[in-house]
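Asks: If you scroll down you'll find the structure; I have some questions about it.
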Amino acid sequence: MAAATVNSYVYCYSGNRRMYCANISVANTNTLATGFGMIDAFSLDSSAQATLGATVSGGTLTFACSASDAAASLVVFGV
């Protein structure tokens, strides 16, 4: 599995949770290691009308995409 390409990102805090906001280039079965030990929630929005989803394992996301997207928006909450 190839890694998703991070075009830009920023780490923030929301209360006692870390937040990772990124613009990513992603294709089916790509992975992204967020640096979190555990992911509480995430939001993934397509810029290209692709159907995007992901599964979580620890602090890593594995993407399931109907088509590649060069500029998807991702927000992850975790610790």
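Asks: What residue, of 29, 55, is without any contact (Cβ under 8 Å) to a residue 12 or more places away in the chain, exposed (fewer than 15 other Cβ atoms within 10 Å of the Cβ) and either hydroxyl-bearing (Ser, Thr, Tyr) or assigned to a loop (DSSP other than H, G, I, E, B) (or both)? Don't jump to the end; show me each part of the working.
Replies: Values: 29 fails: without any contact (Cβ under 8 Å) to a residue 12 or more places away in the chain.
One residue alone meets the criteria, 55.
Asks: Scanning region 32-45 for residues that are over 11 Å from the mean Cα position of the chain (by Cα) and surrounded by 12 or more Cβ atoms within 10 Å (Cβ to Cβ), which turns out farthest from residue 9 (Cα to Cα)?
Replies: Once the filter is applied, the top-ranked residue is 40.
Asks: Just wondering, is there one or more residues in region 18-26 that are assigned to a loop (DSSP other than H, G, I, E, B) and without any contact (Cβ under 8 Å) to a residue 60 or more places away in the chain?
Replies: Scanning region 18-26, I find no residue that is assigned to a loop (DSSP other than H, G, I, E, B) and without any contact (Cβ under 8 Å) to a residue 60 or more places away in the chain, so the answer is no.
Asks: Mind listing whichever residues of region 4-26 are open to solvent by 70 Å² or more (accessible area, probe 1.4 Å) and not charged (D, E, K, R)?
Replies: If the condition is that a residue be open to solvent by 70 Å² or more (accessible area, probe 1.4 Å) and not charged (D, E, K, R), then 5, 7, 9, 10, 11, 13, 15, 16 are the ones that fit.
Asks: Let me ask something additional. So is residue 50 part of a loop (DSSP other than H, G, I, E, B) and not basic (Lys, Arg) or not?
Replies: Numbers: part of a loop (DSSP other than H, G, I, E, B): yes; not basic (Lys, Arg): yes.
So residue 50 fits the description; yes.
Asks: Counting only residues that are assigned to a strand (DSSP E or B) and within 14 Å of residue 6 (Cα to Cα), how many does region 32-47 have?
Replies: Number of matching residues: 3.
The values are calculated or read from the model by the stated rules, or taken from the named source; none is laboratory data. In this text the structure is predicted, and so the values were computed from the model without any measurement. Note that each Cβ is placed from the backbone with ideal geometry, even for glycine, and that neighbours are counted across all protein chains shown. These accessible areas exclude ligands, DNA and RNA; they are computed on the full protein's heavy atoms, side chains included. Shrake-Rupley method; radii C 1.70, N 1.55, O 1.52, S 1.80 Å.
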